[in-house]
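Here the structure comes first, spelled out in C-alpha coordinates, and everything after it is commentary.
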Amino acid sequence: MDLRFGDSKPTDEEREAVDALLGPPESSWEGADRTDTDLRWARGGREARDRRDLLLPALHAVNDRVGWISEGALDYVCRRLTVPPAEAYGVATFYAMFSVRPRPATVLHVCTDLACTAAGAAELCADVERRLGPESGVRVERSPCLGLCERAPAALAVRAGKPSVHPAEGDIPTSPAHGDIPARPA
(Lines give C-alpha, C1' and ligand atoms only; values in the text may rest on other atoms or scores of the structure.)
Protein backbone atom coordinates (compact mmCIF):
# COMPACT_ATOMS: atom_id res chain seq x y z
CA MET A 1 0.00 0.00 0.00
CA ASP A 2 1.26 3.47 -0.87
CA LEU A 3 0.54 6.91 0.50
CA ARG A 4 -2.27 8.81 -1.25
CA PHE A 5 -2.98 12.53 -1.21
CA GLY A 6 -6.73 12.28 -1.76
CA ASP A 7 -8.31 14.87 -3.99
CA SER A 8 -5.68 17.55 -3.43
CA LYS A 9 -5.04 19.61 -6.54
CA PRO A 10 -2.01 21.78 -7.28
CA THR A 11 -2.51 25.50 -7.66
CA ASP A 12 -1.74 27.15 -10.99
CA GLU A 13 1.42 28.61 -9.46
CA GLU A 14 2.59 25.18 -8.29
CA ARG A 15 1.94 23.67 -11.73
CA GLU A 16 3.77 26.56 -13.36
CA ALA A 17 6.82 26.03 -11.11
CA VAL A 18 7.01 22.31 -11.95
CA ASP A 19 6.28 22.83 -15.65
CA ALA A 20 9.00 25.51 -15.86
CA LEU A 21 11.47 22.83 -14.79
CA LEU A 22 10.09 19.77 -16.58
CA GLY A 23 8.34 21.33 -19.55
CA PRO A 24 4.62 20.95 -20.16
CA PRO A 25 3.07 17.53 -19.51
CA GLU A 26 2.99 15.46 -22.69
CA SER A 27 0.28 13.01 -21.69
CA SER A 28 -2.72 12.97 -19.39
CA TRP A 29 -0.80 10.40 -17.34
CA GLU A 30 1.61 13.22 -16.43
CA GLY A 31 -1.14 15.67 -15.56
CA ALA A 32 -2.10 17.26 -18.88
CA ASP A 33 -5.67 18.32 -19.58
CA ARG A 34 -7.80 15.17 -19.88
CA THR A 35 -10.84 16.61 -21.64
CA ASP A 36 -9.92 15.66 -25.18
CA THR A 37 -7.17 13.11 -24.62
CA ASP A 38 -6.94 9.46 -25.58
CA LEU A 39 -6.51 7.75 -22.21
CA ARG A 40 -5.61 4.34 -23.66
CA TRP A 41 -1.84 4.89 -23.51
CA ALA A 42 0.75 6.40 -21.24
CA ARG A 43 4.50 6.79 -21.36
CA GLY A 44 6.57 4.94 -18.85
CA GLY A 45 9.31 2.37 -18.55
CA ARG A 46 12.89 3.49 -19.01
CA GLU A 47 11.95 7.01 -20.10
CA ALA A 48 10.04 7.57 -16.85
CA ARG A 49 12.78 6.03 -14.69
CA ASP A 50 15.37 8.27 -16.35
CA ARG A 51 13.54 11.36 -15.04
CA ARG A 52 13.34 10.29 -11.38
CA ASP A 53 16.52 12.22 -10.62
CA LEU A 54 14.48 15.40 -11.12
CA LEU A 55 12.50 14.81 -7.89
CA LEU A 56 14.68 17.04 -5.72
CA PRO A 57 14.85 19.88 -8.31
CA ALA A 58 11.04 19.67 -8.76
CA LEU A 59 10.47 19.92 -5.01
CA HIS A 60 12.88 22.89 -4.89
CA ALA A 61 10.97 24.54 -7.74
CA VAL A 62 7.68 24.37 -5.84
CA ASN A 63 9.16 25.29 -2.46
CA ASP A 64 11.12 28.21 -3.93
CA ARG A 65 8.07 29.54 -5.80
CA VAL A 66 5.34 29.08 -3.20
CA GLY A 67 7.27 28.77 0.06
CA TRP A 68 6.04 25.30 0.92
CA ILE A 69 5.00 22.03 -0.77
CA SER A 70 1.28 21.26 -0.64
CA GLU A 71 -0.23 17.80 -1.04
CA GLY A 72 -1.55 18.86 -4.44
CA ALA A 73 1.89 19.98 -5.58
CA LEU A 74 3.47 16.80 -4.24
CA ASP A 75 0.88 14.72 -6.10
CA TYR A 76 1.54 16.65 -9.31
CA VAL A 77 5.30 16.14 -9.01
CA CYS A 78 4.73 12.41 -8.39
CA ARG A 79 2.53 12.08 -11.49
CA ARG A 80 4.96 14.05 -13.65
CA LEU A 81 7.96 11.95 -12.59
CA THR A 82 6.18 8.63 -11.90
CA VAL A 83 7.58 8.61 -8.38
CA PRO A 84 5.64 6.83 -5.61
CA PRO A 85 3.99 9.39 -3.28
CA ALA A 86 5.56 7.85 -0.16
CA GLU A 87 9.03 8.28 -1.67
CA ALA A 88 8.41 11.92 -2.62
CA TYR A 89 6.88 12.68 0.79
CA GLY A 90 9.92 11.12 2.47
CA VAL A 91 12.25 13.38 0.49
CA ALA A 92 10.11 16.49 1.10
CA THR A 93 10.02 15.91 4.86
CA PHE A 94 13.68 14.90 5.18
CA TYR A 95 15.21 18.22 4.13
CA ALA A 96 14.95 21.06 6.66
CA MET A 97 14.69 23.74 3.95
CA PHE A 98 11.42 22.25 2.66
CA SER A 99 8.07 22.57 4.40
CA VAL A 100 4.93 20.52 3.82
CA ARG A 101 2.90 22.98 5.89
CA PRO A 102 2.00 26.56 4.99
CA ARG A 103 4.50 29.17 6.12
CA PRO A 104 5.33 32.79 5.28
CA ALA A 105 7.09 33.60 2.04
CA THR A 106 10.19 34.73 3.95
CA VAL A 107 11.94 32.32 6.30
CA LEU A 108 15.17 32.93 8.17
CA HIS A 109 16.96 29.64 8.86
CA VAL A 110 19.37 29.94 11.78
CA CYS A 111 21.83 27.10 12.24
CA THR A 112 21.67 25.52 15.69
CA ASP A 113 24.30 22.81 15.26
CA LEU A 114 27.28 22.61 17.60
CA ALA A 115 29.56 25.33 16.17
CA CYS A 116 26.74 27.84 15.78
CA THR A 117 25.26 27.07 19.19
CA ALA A 118 28.67 27.63 20.77
CA ALA A 119 28.93 30.95 18.88
CA GLY A 120 25.55 32.23 20.13
CA ALA A 121 22.86 30.89 17.77
CA ALA A 122 20.22 30.84 20.53
CA GLU A 123 20.87 34.49 21.35
CA LEU A 124 20.80 35.37 17.65
CA CYS A 125 17.40 33.66 17.23
CA ALA A 126 15.97 35.44 20.26
CA ASP A 127 17.33 38.82 19.13
CA VAL A 128 16.05 38.45 15.57
CA GLU A 129 12.60 37.30 16.74
CA ARG A 130 12.44 40.22 19.19
CA ARG A 131 13.54 42.80 16.59
CA LEU A 132 11.29 41.50 13.80
CA GLY A 133 8.22 40.85 15.91
CA PRO A 134 5.30 38.58 15.06
CA GLU A 135 3.83 41.00 12.48
CA SER A 136 6.93 41.08 10.26
CA GLY A 137 5.84 38.19 8.01
CA VAL A 138 9.21 36.51 8.57
CA ARG A 139 9.48 33.14 10.27
CA VAL A 140 12.66 32.30 12.15
CA GLU A 141 13.36 28.55 12.04
CA ARG A 142 16.06 26.67 13.85
CA SER A 143 17.93 24.67 11.24
CA PRO A 144 20.55 21.95 10.99
CA CYS A 145 24.00 22.83 9.69
CA LEU A 146 24.11 25.37 6.88
CA GLY A 147 27.75 24.57 6.10
CA LEU A 148 29.10 27.91 7.31
CA CYS A 149 30.74 26.82 10.56
CA GLU A 150 33.66 29.21 10.06
CA ARG A 151 31.17 32.12 10.11
CA ALA A 152 29.14 30.90 13.08
CA PRO A 153 26.42 31.62 13.94
CA ALA A 154 25.12 31.18 10.41
CA ALA A 155 21.75 32.24 8.98
CA LEU A 156 20.12 31.96 5.58
CA ALA A 157 17.14 34.02 4.40
CA VAL A 158 14.86 32.30 1.92
CA ARG A 159 12.17 34.22 0.03
CA ALA A 160 9.58 32.40 -2.02
CA GLY A 161 8.29 33.89 -5.25
CA LYS A 162 8.59 33.95 -8.98
CA PRO A 163 12.09 34.13 -10.46
CA SER A 164 13.00 37.65 -11.47
CA VAL A 165 15.03 39.06 -14.33
CA HIS A 166 17.63 41.70 -13.52
CA PRO A 167 17.69 44.29 -16.33
CA ALA A 168 21.46 44.76 -16.01
CA GLU A 169 22.01 41.05 -16.61
CA GLY A 170 19.77 40.77 -19.67
CA ASP A 171 17.47 37.79 -19.81
CA ILE A 172 19.18 35.67 -17.18
CA PRO A 173 16.53 34.53 -14.67
CA THR A 174 17.50 34.49 -11.03
CA SER A 175 15.82 32.74 -8.13
CA PRO A 176 14.62 34.85 -5.21
CA ALA A 177 15.03 31.88 -2.90
CA HIS A 178 18.43 32.68 -1.48
CA GLY A 179 18.59 36.20 -0.15
CA ASP A 180 21.50 38.06 1.32
CA ILE A 181 21.76 38.33 5.09
CA PRO A 182 23.33 41.55 6.30
CA ALA A 183 26.43 41.05 8.43
CA ARG A 184 26.12 41.29 12.18
CA PRO A 185 27.00 44.66 13.61
CA ALA A 186 30.52 44.65 15.06
Counting only residues 5 or more apart in sequence or on a different chain, those whose built amide H sits under 5 Å from that of residue 51 are none
Would you rank 71, 135 by solvent-accessible area, highest first, keeping every protein chain in place and using a 1.4 Å probe? 135, 71
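The values are calculated or read from the model by the stated rules, or taken from the named source; none is laboratory data. Since we're looking at a predicted model, the values are computed, not measured. To get the accessible areas, we keep the full protein, side chains included, count just its heavy atoms, and leave off ligands, DNA and RNA. Shrake-Rupley method; radii C 1.70, N 1.55, O 1.52, S 1.80 Å.
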